[in-house]
1. Rounded to the nearest whole Å², what accessible area per residue is found for the range 1-136 with the 1.4 Å probe?
2. Apply the Karplus curve 6.51 cos²θ - 1.76 cosθ + 1.60, θ = phi - 60°, to the phi angles in the range 108-118 and return the couplings in whole Hz, x for Gly and Pro.
3. Going by the alpha-carbon gyration tensor, a ≥ b ≥ c the square roots of its eigenvalues, is the range 178-239 rounded (a/c under 1.5) or, if a/c is not under 1.5, prolate (a/b greater than b/c) versus oblate?
4. Give the shape of the chain as rounded, prolate or oblate, defined through the alpha-carbon gyration tensor: a ≥ b ≥ c are the square roots of its eigenvalues, a/c under 1.5 means rounded, and otherwise the shape is prolate if a/b is larger than b/c and oblate if not.
5. For the range 148-216, with all protein chains present and a 1.4 Å probe, just round the carbon and sulfur fraction of the accessible area to a whole percent.
6. Is the range 1-70 rounded, prolate or oblate when judged by the Cα gyration tensor, a ≥ b ≥ c being the square roots of its eigenvalues, rounded requiring a/c under 1.5 and prolate requiring a/b larger than b/c?
7. Here are some pairs, K44/K165; K198/K238; K198/K278; K19/K156; which of them have Cα atoms lying more than 20 Å apart in this structure?
8. Per the 1.4 Å probe, what fraction of the accessible area of the range 247-313, in percent, lies on carbon and sulfur atoms?
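The values are calculated or read from the model by the stated rules, or taken from the named source; none is laboratory data. It should be emphasised that the depicted structure is a prediction, and the values quoted were computed from it without experimental measurement. Cβ placement follows ideal geometry from the backbone for every residue including glycine, while neighbour counts extend to all protein chains displayed. Ligands, DNA and RNA are excluded from the accessible area calculation, which covers all protein heavy atoms including side chains. Shrake-Rupley method; radii C 1.70, N 1.55, O 1.52, S 1.80 Å.
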Amino acid sequence: PIPSRRLGISLGIDLVPHKICSFNCVYCECGKNTKLTTERKEYKPAQEILDEIADYLSKNPHPDFISLAGSGEPTLHSKIGLIINSIKISYPEIKIAVMTNSSLLPLAEVRSELMDSDIVLPSLDGATQDSFIHIDRPHPSIKLNDVINGIALFTKEFKSVSPDKKVWLEIFILENINDDSNNIIKLKEACQLINPDKIQLNSLDRPGTEKWVTQASKGTLYRVMKGLNMPQVEIISKFKNRSEIIAYRNDIENTILETISRRPSSSEDLCFILGLKKEELNKYIDILELEKKIKAEILINKNERNIFYKITN
């Protein structure tokens, strides 16, 4: 399990072999595809996956989330529905998140198989044909309009099951590709159709597949956020330097460092001490982690896992 800023303690499950995917995204940190496909099959035996999960959870504290993601498209696994359902039956206290590139959501069978999950994080990087092809490099059979309509239909079906189920739409921003006015207008139209609970703008954090891909500036991300002009839009890309953060306060940074130098502290602890919302605190945490002044660790207390921040030295 790893500390996740969005999901807490998250245990990742990889359902397909490395880089078998329906997209070959230019920004993917996992590298180039080994196979570009839309073929759904049982790439790894479902029972073996479930047995491995059971073995791990029998020996370790349970995570907040089990995340189906990894280095390929998880919905390509034909037994993803069985896997999700089996986990929910055996471990109802653990939430399930599915991170998908959205390419197979036009299929009714795929949408149905994801209904037992708690949070689904689909992506939509381009709402124009040019940006979609340029960024995601999809399998030739995948059509942009089908993907957008598939996400919208899934969101409607998923949220009708329970108000507790959430859809967080992620949009990866690449400067000079999907950040111009036309792309923003089309992205906004798609977001309004989809109506997710959150719209999360992301940018490059680790080296991507193609060397020319660079991180979008904070100014660009804020400009896109302003252009979308929807209340559920947020920026999740990490801040790279203080100058890009609006109203960065050194006294808050110093208080964070002084606090965790005395004892490891969780985000909740720091929010309480500083009187900040978690989204605001994360701006400072991102900087301090990037500069290797602090690090996130999973600490076990009374057989429960929690994320705490510690001074690195």
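1. 39 Å²
2. So the Karplus estimates, Gly and Pro as x, are 4, 5, 5, 4, 5, 5, 9, 5, 7, 6, 9 Hz.
3. prolate
4. Oblate shape, in that a/c is at least 1.5 and b/c is the bigger or equal ratio.
5. Working: 1590 of 3240 Å².
Of the solvent-accessible surface of the range 148-216, carbon and sulfur hold 49 percent.
6. Taking the square roots of the gyration eigenvalues as a ≥ b ≥ c, the range 1-70 is oblate.
7. Exceeds cut-off: K44/K165; K19/K156.
8. Solvent-exposed carbon and sulfur of the range 247-313 make up 47 percent of the total.
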